[in-house]
Amino acid sequence: MSYFPLVVLASAFLAIVVTSVMGQCPLQCSCVVVHNADCTKSYLSVIPQSGFNQNLTNLNASFNKITNLSQDSLRNIQELTHLNLSYNIISSIHSEAFMTLKHLNSLDLTRNYVDSIDSGTFMYNKKLEWLSLANNPTFTLPNKGFHIPNLLFWNLSHCSIQNIHSDTFKEMGKLRQLYLNNNKIVSLNNRVFRYLDQLQTLDLCYNALKNIDAEVFSNLSKLRSLFLCHNNVSRINITFLHAVITIGKVDLEGNPWICDCDSANVYSSCAKNNNCNLNLTCEFPDGLKQRHWSVIDDLGCKPTTVSTIARRLPEKETTATTDQTEESKWPTMSSEPSEEDPEVTKVTEDSEEIDFWLWIMIALISLCWLTCVFVITLGINTYLRKCRSPNVVQGRSDFGQQQTEESETVFHSSQVEQRDVGNVTSQ
């Protein structure tokens with residue numbers, strides 16, 4: 001008995017089953033895996049409008065020549081969850097291009113030529129969690145940002161971004177990873193990351209940042225990795241150190257660090273704190289170039305007020321010696337106080353209150369001193385007046401007596417003259 005008819009029937013049945021499950025696939029694509037279409041390197045200039053399984057969930061159309069995404073480009077594959085359009089030449093994206101993709105979870109637009117995307121483009125993609133716009137060399141972020149409330153990952157590296165508006169991330173409260181490396185960012189608005197309280201990784205390496213305000217990271221309570229390598233930062237202050245000291249990994253390498261006494265406070269505070277693991281290499285001055293910044297410890301710098309440095313670090317890790325004077329040298333890398341020094345005390349924020357009362361005491365002492373001087377001066381003047389009073393009275397008495405005698409002499413002379421005149425007249 002021949003089994004050939006049975007084999008033919010089985011093959012036909014299998015073909016029908018496979019076709020019903022997989023559907024037909026565009027000629028340029030491969031649909032070996034169920035609900036997946038691989039159209040890479042197929043010289044596509046547009047996304048095929050037909051031939052895909054209606055239940056297609058994964059489309060990879062990378063490494064093609066697609067130039068734009070119109071309103072209807074993806075309308076016939078509405079069940080997509082993963083869409084890869086990287087390494088094309090897309091320059092234009094219609095604001096409703098992704099409107100029908102209600103289940104879209106990841107979108108890769110890496111290495112295209114997208115200049116801008118309307119802020120409402122992703123408003124219908126409520127399930128979008130992964131988005132890459134990396135290597136779009138002239139891409140500009142919209143001021144209002146995108147409405148993607150469930151986005152967890154966003155790659156914006158190599159986009160020549162210069163400015164980021166303070167509301168760019170307003171509708172992305174769940175974002176966990178943000179990559180802004182290899183751009184042209186010169187400064188950051190203090191409020192730019194205020195909505196990202198769930199952010200865990202932030203990459204800002206290879207930008208042009210010069211001054212970074214610690215306030216920028218004040219709301220990033222869950223940040224665990226901060227990359228600021230290869231920027232133009234030459235100094236950091238105590239406030240910045242306090243802001244990043246609790247972050248698990250902080251990369252500040254490749255910046256032109258100035259290692260001098262102006263940076264001694266920061267180095268000393270970092271050296272005494274177990275959580276501070278900054279690994280910085282000096283760029284200036286030339287004599288210290290390529291040396292670890294711990295060389296600051298050998299410069300013999302005189303510290304400023306120790307309490308000012310210590311109070312800005314976490315209280316549980318802040319220590320200082322009570323006998324430390326302004327002539328003392330800066331401490332070494334040891335984060336624990338020496339056991340040979342029994343007078344180690346904890347510096348807390350109460351130092352501010354001590355300083356306040358110290359000034360009050362100085363003012364009171366000065367007031368008492370001025371009062372004493374006034375009282376002594378007044379007493380001396382009174383004494384001198386009493387000493388001079390008898391002489392003045394005696395002087396005035398003598399002068400009065402002299403005036404009386406002179407008056408009597410004049411009066412007597414006038415009577416004599418009158419008498420002589422009378423005698424002459426009578427004669």
Per the filter on region 59-80, residues buried (at least 16 other Cβ atoms within 10 Å of the Cβ) and not in a strand (DSSP E or B) are 61, 62, 63, 64, 66, 73, 74, 77, 79, 80
Counted residues in region 220-236 being crowded, with 16+ Cβ neighbours inside 10 Å and polar (S, T, N, Q) come to 1
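Residues are listed down the side, and each one gets a yes or a no for (1) crowded, with 16+ Cβ neighbours inside 10 Å; (2) in contact with a strand residue (DSSP E or B) (Cβ under 7 Å, 6 or more places away or on another chain):
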position	(1), (2)
177	yes, yes
185	yes, no
189	yes, no
192	yes, no
208	no, no
212	yes, no
Among 45, 86, 50, the single one that is assigned to a loop (DSSP other than H, G, I, E, B), of a type in the set (Ser, Thr, Tyr), farther than 15 Å from residue 110 by Cα and at pLDDT 95 or above is 45
Practice task
Please verify whether region 127-136 includes one or more residues that are surrounded by fewer than 17 Cβ atoms within 10 Å (Cβ to Cβ) and at positive phi.
Solution key: no
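Against the definition (among the polar types (S, T, N, Q), surrounded by fewer than 18 Cβ atoms within 10 Å (Cβ to Cβ) and either modelled with pLDDT under 95 or touching a strand residue (DSSP E or B) at 6+ places or on another chain (Cβ under 7 Å) (or both)), how does residue 55 come out, yes or no? Quick ask: steps written out before the conclusion?
Details: among the polar types (S, T, N, Q): yes; surrounded by fewer than 18 Cβ atoms within 10 Å (Cβ to Cβ): yes; either modelled with pLDDT under 95 or touching a strand residue (DSSP E or B) at 6+ places or on another chain (Cβ under 7 Å) (or both): yes.
In short, yes.
Take region 152-175 and flag every residue that is among the aliphatic types (A, V, I, L, M), over 21 Å from residue 210 (Cα atoms) and surrounded by fewer than 21 Cβ atoms within 10 Å (Cβ to Cβ).
Going residue by residue through region 152-175, those that are among the aliphatic types (A, V, I, L, M) are 152, 156, 161, 164, 172, 175.
Next, from what is left, pick out any that are over 21 Å from residue 210 (Cα atoms): 152, 172, 175.
152 - this is the single residue of region 152-175 that is among the aliphatic types (A, V, I, L, M), over 21 Å from residue 210 (Cα atoms) and surrounded by fewer than 21 Cβ atoms within 10 Å (Cβ to Cβ).
Look through region 204-241, keep the residues that are assigned to a loop (DSSP other than H, G, I, E, B) and of a type in the set (Ser, Thr, Tyr), and return whichever of them is modelled with the highest pLDDT.
As a first pass, look at region 204-241 and keep what is assigned to a loop (DSSP other than H, G, I, E, B): 204-213, 218-224, 228-237.
Among the residues that remain, those that are also of a type in the set (Ser, Thr, Tyr) are: 206, 218, 221, 234.
Numbers: 206: 97, 218: 85, 221: 91, 234: 92.
That would be 206.
The values are calculated or read from the model by the stated rules, or taken from the named source; none is laboratory data. Note that the structure is predicted; figures quoted are calculated from it, not measured. Ideal geometry is used to build each Cβ from the backbone, glycine not excepted, and the neighbour counts take in all protein chains shown.
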